[in-house]
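Engineer: Dropping a structure here in structure tokens format, bear with me for questions.
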Amino acid sequence: MRALPVIAVSWIAGGVLILLFERIAPRPRYAGDDLPVSKALQIGLCQCAALLPGVSRSGATILGGELLGVERKTAAHFTFYLAVPTMLGASVVELYQHRDALSASNLTTIAVGFVISFIVAYVVVKTFIDFVGRYGLKPFGWYRIATGVMLLATLFLG
């Protein structure tokens with residue numbers, strides 16, 4: 001129960017930071033495939049902010065990219081490119097750790113699951129990138145603030 005007020009305050013603070021960073025981000029200087037390696041490395045380092053509880057990895061990299069002068073849609077694409085090796089590595093490790101439980105019949109199930117997951121992920125990521133490209137992360141900032149306020153209200157009034 002003691003963690004809930006901390007979570008609520010971090011949601012509110014994170015929402016305020018999102019709104020602030022969206023406002024102070026410079027005009028984009030980099031877009032599309034024109035992203036220099038140095039900027040890609042800097043955006044990758046922005047991912048480290050996600051080590052803090054309540055910080056979204058994709059949010060940190062998109063906002064970091066914007067603050068570094070990268071077009072919002074390019075930063076959103078890049079954040080998902082950054083996730084692919086991590087998810088692939090985690091999947092390989094998971095399959096390796098459970099290799100004894102796998103049989104030939106599991107391979108069909110895994111293949112079907114992979115194809116369906118890929119299709120759903122493609123649609124969701126494309127929709128998210130289009131949304132972020134059009135509206136930025138402001139709606140997520142306001143969402144975090146509203147959710148944090150509602151949680152605090154529930155804790156103190158309920």
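Quick note: the coordinates plus some simple rules give every number you see, no bench work behind them. Worth saying up front: this structure is predicted, and the values here are computed from it rather than measured. Here Cβ is always computed from backbone atoms with ideal geometry, including for glycine, and neighbour counts include all displayed protein chains.
Engineer: Report, in deg cm²/dmol and to the nearest 500, the calculated mean residue ellipticity at 222 nm for the chain, where each DSSP H run with n ≥ 4 adds -39500 (n - 2.57) and the sum is divided by the residue count. Can you show the working numbers first?
Structural biologist: Working: 6 runs with 121 residues, N = 158.
So the calculated ellipticity at 222 nm is -26500 deg cm²/dmol.
Engineer: Given R₀ = 35 Å, what would the calculated FRET efficiency be for H98 paired with R2, taking r from the Cβ atoms and rounding to 0.05? If you can, show how the numbers build up before the last one.
Structural biologist: Values: r = 36 Å, r/R0 = 1.03.
My answer for the efficiency is 0.45.
Engineer: Follow-up question, since we're still on this one. The stretch 29-62 to the stretch 94-123: how many Å between their Cα centroids?
Structural biologist: Comparing the Cα centres of the stretch 29-62 and the stretch 94-123, I get a distance of 29 Å.
Engineer: Shifting gears a bit: Let me know the charge dipole size of the stretch 3-157 about its Cα centre in debye, to the nearest 20, where only the beta-carbon of Lys, Arg (+1) and Asp, Glu (-1) is charged. Working shown, then result.
Structural biologist: Numbers: 12 positive and 8 negative charges, 82 e Å.
Computed charge dipole of the stretch 3-157: roughly 400 debye.
Engineer: A follow-up question, please. Rounded to the nearest 0.05, what FRET efficiency do V120 and A13 give with R0 = 25 Å and r taken as the Cβ-Cβ distance? Could you check?
Structural biologist: Numbers: r = 32 Å, r/R0 = 1.28.
Efficiency, from the Cβ-Cβ distance: 0.20.
Engineer: Suppose the chain between K138 and I24 were pulled fully straight at 0.36 nm per residue; how much longer would it get relative to their current alpha carbon spacing?
Structural biologist: Working: separation 114, 0.36 × 114 = 41.04 nm, distance 1.24 nm.
Going from the current span to full extension adds 39.8 nm.
Engineer: Work out the charge dipole of the stretch 3-157 with +1 on the Cβ of Lys and Arg and -1 on the Cβ of Asp and Glu about the Cα centre, then indicate which of S103, M87, G148 is farthest towards its positive end.
Structural biologist: Farthest towards the positive pole: G148.
Engineer: In the chain, what is the volume of the convex hull around the alpha carbon atoms, normalised per residue and reported in Å³?
Structural biologist: Values: hull volume 25.2 nm³, N = 158.
Spread over its residues, the Cα hull of the chain gives 160 Å³ apiece.
Engineer: Under the Karplus relation 6.51 cos²θ - 1.76 cosθ + 1.60, θ = phi - 60°, what is the ordered set of whole-Hz ³J(HN,Hα) values for the stretch 75-86, x standing for Gly and Pro?
Structural biologist: Going residue by residue, I get 4, 5, 4, 4, 5, 6, 4, 5, 6, 4, x, 5 Hz, with x marking Gly and Pro.
Engineer: Check the straight Cα-Cα distances from K39 and name the aspartates and glutamates below 15 Å, setting aside those fewer than 8 residues away within the same chain.
Structural biologist: E66, E71
Engineer: Need the full-extension length gain, M87 to A111, defined as separation in residues times 0.36 nm minus the C-alpha distance. One decimal, nm. Each step should come with its number before you reach the end.
Structural biologist: Working: separation 24, 0.36 × 24 = 8.64 nm, distance 1.60 nm.
Extending this stretch completely gives an extra 7.0 nm.
Engineer: Under a GNM of the chain (C-alpha, springs under 10 Å), which listed residue has the highest mean-square fluctuation: S58, S105, S91?
Structural biologist: Evaluated over the chain, the most mobile residue of the options is S105.
Engineer: Let me know the longest stretch in the chain that avoids all trypsin sites (Lys or Arg not before Pro) found in a DSSP loop with at most 15 other C-beta atoms within 10 Å.
Structural biologist: On the way: sites that count: R2, R29.
Result, exposed sites excluded: 30-158.
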